[in-house]
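Report on the structure given below.
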Amino acid sequence: MTYYAAFLKTIVNQDPPKLSQFNLSGLGCWLPLLATALLLGSVGLGWVVNGFLILVGLAIISPAIGWLVFRWWLKRNLVEDKCPVCSYEFTGFNQTDCRCPSCGEPLKVEQGRFNRLTPPGTIDVEAVEVSAKRLED
Ligand SMILES: [Zn+2]
């Protein structure tokens, strides 16, 4: 869980895939395509070229947009905070339960903070202990 979250964190800090590299390496393919486009345009088939260009544009843009949306979602849901018990800093997912990798304390991730999942009944047990001590006195 923690290694997975750390891996996702590196994705968040990474730059999106470089489109300039793709354009440069594909230049050899683009020139004949451009010539074909001009030829089709000159014989009155410009709409074919436009449709093709829109498709190519979508093919290039959609992965980039998908990447940005994924990154935005990760940034919203990845929570980096310290364990309230032992102050060990680690990463968790928002709105999930997890365990501190250092001390094993069950934690709940809420609103960007780690909160202790105090098991029900703990307070009652402590109260019993206090009253028992008082009785002894
Ligand atoms: Zn801890």
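The values are calculated or read from the model by the stated rules, or taken from the named source; none is laboratory data. Since this is a predicted model, take the numbers as computed values, not measurements. Here Cβ is always computed from backbone atoms with ideal geometry, including for glycine, and neighbour counts include all displayed protein chains.
Observations
- Within the stretch 58-106, tally of residues that are within 16 Å of the ligand (Cβ to nearest atom), small (Gly, Ala, Ser) and either out of contact with any Phe, Trp or Tyr (no Cβ under 9 Å at 6 or more places or on another chain) or part of a helix (DSSP H, G or I) (or both): 2
- Whichever residue in the stretch 15-44 is touching a helix residue (DSSP H, G or I) at 6+ places or on another chain (Cβ under 9 Å) and over 30 Å from Lys75 (Cα atoms) and, among such residues, is modelled with the lowest pLDDT: Trp30
- Exclusive hit being closer than 25 Å to Leu34 by Cβ and surrounded by 14 or more Cβ atoms within 10 Å (Cβ to Cβ), set Phe52, Phe93: Phe52
- Test: residue in the stretch 117-124 that is touching a Ser or Thr at 6+ places or on another chain (Cβ under 7 Å) and either at pLDDT below 90 or surrounded by 12 or more Cβ atoms within 10 Å (Cβ to Cβ) (or both): no
- Being at pLDDT below 95, over 25 Å from the mean Cα position of the chain (by Cα) and not β-branched (Val, Ile, Thr) is a property that Lys75 lacks.
- The one condition from (1) aromatic (Phe, Trp, Tyr); (2) within 16 Å of the ligand (Cβ to nearest atom); (3) more than 29 Å from Lys9 (Cα to Cα) that Phe52 does not meet is (2).
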